[in-house]
1. Residue check: is residue 181 out of contact with any helix residue (DSSP H, G or I) (no Cβ under 9 Å at 6 or more places or on another chain) and within 24 Å of residue 315 (Cβ to Cβ)?
2. Going through 197, 209, 184 one at a time, which residue ends up being farther than 30 Å from residue 132 by Cα and within 15 Å of ligand 1 (Cβ to nearest atom)?
3. Which one is surrounded by the fewest Cβ atoms within 10 Å (Cβ to Cβ), of the residues in the stretch 120-137 that are part of a loop (DSSP other than H, G, I, E, B) and out of contact with any strand residue (DSSP E or B) (no Cβ under 9 Å at 6 or more places or on another chain)?
4. When the residues of the stretch 124-169 are filtered to those that are within 23 Å of the chain's Cα centre (by Cα) and on the phi > 0 side of the Ramachandran plot, which remaining residue is farthest from ligand 2 (Cβ to nearest atom)?
5. Suppose we filter 340, 392, 363 for residues that are within 16 Å of ligand 3 (Cβ to nearest atom) and on the phi < 0 side of the Ramachandran plot; which single one remains?
6. I'd like to check something: does the stretch 224-243 contain any residue that is surrounded by fewer than 24 Cβ atoms within 10 Å (Cβ to Cβ), modelled with pLDDT under 95 and either more than 16 Å from ligand 3 (Cβ to nearest atom) or more than 20 Å from residue 187 (Cα to Cα) (or both)?
7. Restricting the stretch 297-325 to residues that are in contact with a strand residue (DSSP E or B) (Cβ under 8 Å, 6 or more places away or on another chain) and more than 20 Å from residue 221 (Cα to Cα), which is modelled with the lowest pLDDT?
8. Could you run through the stretch 271-291 and say how many residues are within 16 Å of ligand 2 (Cβ to nearest atom) and in contact with a helix residue (DSSP H, G or I) (Cβ under 6 Å, 6 or more places away or on another chain)?
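The values are calculated or read from the model by the stated rules, or taken from the named source; none is laboratory data. Please read all numbers here as calculations on a predicted model, not as lab measurements. Here the Cβ positions follow ideal geometry from the backbone for every residue, glycine too, while neighbour counts run over all protein chains shown.
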Ligand code: URP
Ligand code: ZN
Ligand code: ZN
């Protein structure tokens, strides 16, 4: 299919200009002020923004939680919702179960995704059990384009690695040139605070937040950055939620430029106020790291603007309200996670409208930087000849009120209910195919491709 997009404001950092784009067979074949080509479809994008498709590098689709409970979006519903929001690539997290080889985990996740994903996808591998790691598995991962792993300093007994294990896996990462991503909170001390809270009968959702104070995020961030510095490897901190955490990252980046970090829309829009009403509503806002005091939001926006934070991801991990009621009498049993995959571009575009970030920065944090950091650039994250035709035509004038009644995620409530967002992905093109138009999804399950990524290259930043 040949598509000609005419007269849109093309925002592809560092460039921004009014022009045309010609797409042929899934690839961008021409970009310029005036492109004259015969096409099967001509789209008039006057007054609209034309941007590289969003890349969400932090999702948990079809993720086993406990017992029968899994995150509610699978690779079909989750990627359809992502596409509605203007995201055309995700990187999901296969989670190694204890005793399982990484290779097996990879195949398990490929099986979940292959027949369902409607946009391109890749994986970062979560490593939880060092007893069953084999060199051949790491080689297998890299040979298949999985060039990042994720480790946890939180969730003892389930996902957490101790310091010896953290350091050891970082050494392995150095050997295979894998980018290490870390969920950084001090899980041991949090466990003690949780025990204390429960012993006092503090069982409501707000104690999820109060037992995970920001200093324990900052401590863990500092610890893992210290190990990464010793080994001289890059490190990427996921879901930064607080000023304390941000400060450590900012200071570290003064000495070590390959300290990288993201935040997520929930930390920009939600706060302790949401979880402290002492009503059943509070159960909707349990995710980890938790909501913080509202004033942190301004610092996180500044961090996105001044490049302390390079990426906005979603940590999409949806559970229904009814799933959460398992924790009715004990906040530690509430499945953690929020449904966000659909709202990343519109909630951050609201920040553009409010002068918190500028237009190019909006594209950088949602698309260009994710592509650069995670080995997909310049195939993705940019509009230029030869790149994948993953393109969003964004209407900057539309405002809408976010609600469970109009979202496409497979979850029965919205954490952002009633919040007004800004802009809208009117047409979404993935690999040269229009998949969203006129508020309809018109692609097919399984059309998304598994993307093999290159190793992290700090020269791109
Ligand atoms: O609450 C969250 N974020 N759940 C998903 C797992 C994680 O910690 O990223
Ligand atoms: Zn996490
Ligand atoms: Zn996560």
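1. Values: out of contact with any helix residue (DSSP H, G or I) (no Cβ under 9 Å at 6 or more places or on another chain): yes; within 24 Å of residue 315 (Cβ to Cβ): yes.
In short, yes.
2. 209
3. Among those that are part of a loop (DSSP other than H, G, I, E, B) and out of contact with any strand residue (DSSP E or B) (no Cβ under 9 Å at 6 or more places or on another chain), it is 134.
4. 145
5. 340
6. Within the stretch 224-243 (the criterion being surrounded by fewer than 24 Cβ atoms within 10 Å (Cβ to Cβ), modelled with pLDDT under 95 and either more than 16 Å from ligand 3 (Cβ to nearest atom) or more than 20 Å from residue 187 (Cα to Cα) (or both)), the answer is no, since none of the residues qualifies.
7. Taking the candidates together, the pick is 323.
8. Here is the first cut: in the stretch 271-291, the ones within 16 Å of ligand 2 (Cβ to nearest atom) are 285-291.
Now narrow it down to the ones that are in contact with a helix residue (DSSP H, G or I) (Cβ under 6 Å, 6 or more places away or on another chain): 285-286, 289-291.
Total meeting the criteria: 5.
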